[in-house]
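S.K.: The structure is given below, and queries will be raised subsequently.
The values are calculated or read from the model by the stated rules, or taken from the named source; none is laboratory data. These numbers were taken from a predicted model, which means no experiment stands behind them. With ideal geometry, Cβ positions are generated from the backbone for all residues, glycine too; neighbour counts draw on all protein chains shown. Each accessible area value is taken on the protein alone, full model and side chains, heavy atoms only, with ligands, DNA and RNA left out. Shrake-Rupley method; radii C 1.70, N 1.55, O 1.52, S 1.80 Å.
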Amino acid sequence: YHQRITFYGSFIYGWLALLFCYLACREIVEHRWAMLASLGAALAGPLPYYCLTGASYSHAPATMATSLLVWLWLRYRKAWTTKRWMALGAAAGLAVLIRPATAPVLLIPLYEGMRQLWSALRARDPDRLAPKRPLPRSGFAHQAIGPLAGAAVALLVFFPQLWVWKLM
């Protein structure tokens with residue numbers, strides 16, 4: 001009975017991974033090329049094996065979480081808000097929680113956060129250094145809130161794994 005549930009769960013995660021892959025590709029190219037890229041990802045990689053034969057492995061859920069993170073990044077990268085950073089952080093934490101070997105995918109939010117903070121540092125002027133209420137939307141402190149909130153959410157999502165590692 002549990003093998004059937006594992007099979008169906010892995011199958012659903014595989015489909016969700018392909019859906020997020022398609023949506024990520026749609027952010028870059030038009031519909032038909034995104035569909036071809038998703039089809040290529042489905043047929044040319046090991047995802048069918050891990051969805052159908054190796055369903056008890058964490059590869060299909062990890063692929064889904066990684067595809068979700070990439071899609072959110074491509075979707076939000078032009079207009080970041082704190083809520084969007086938190087969503088990206090939740091996806092990053094989920095990807096690493098499901099399979100710690102996906103940790104290199106954390107380079108995406110790290111890059112984006114550093115890029116945003118660097119541009120805020122370069123754009124600041126001496127008048128913005130004085131504390132003001134409320135913080136200016138283009139100031140460094142305001143720009144740092146989003147990436148820090150995203151990192152906090154990622155850590156919160158990953159915390160159960162850290163807790164288990166501490167207990168073991």
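S.K.: Quick one: what pairs do we get from segment 30-42, first residue at negative phi and touching a residue at least 12 places away in the same chain (Cβ under 8 Å), second aromatic (Phe, Trp, Tyr) and assigned to a helix (DSSP H, G or I), C-beta under 6 Å, 6+ apart or different chains?
M.R.: Matching pairs, first to second residue: ALA34/TYR22; SER38/TYR22.
S.K.: What is the number of the single condition among (1) of a type in the set (A, V, I, L, M); (2) under 20 Å from LYS83 (Cα atoms); (3) at pLDDT 75 or above; (4) open to solvent by less than 60 Å² (accessible area, probe 1.4 Å) that ALA141 does not meet?
M.R.: All conditions are met except number (3).
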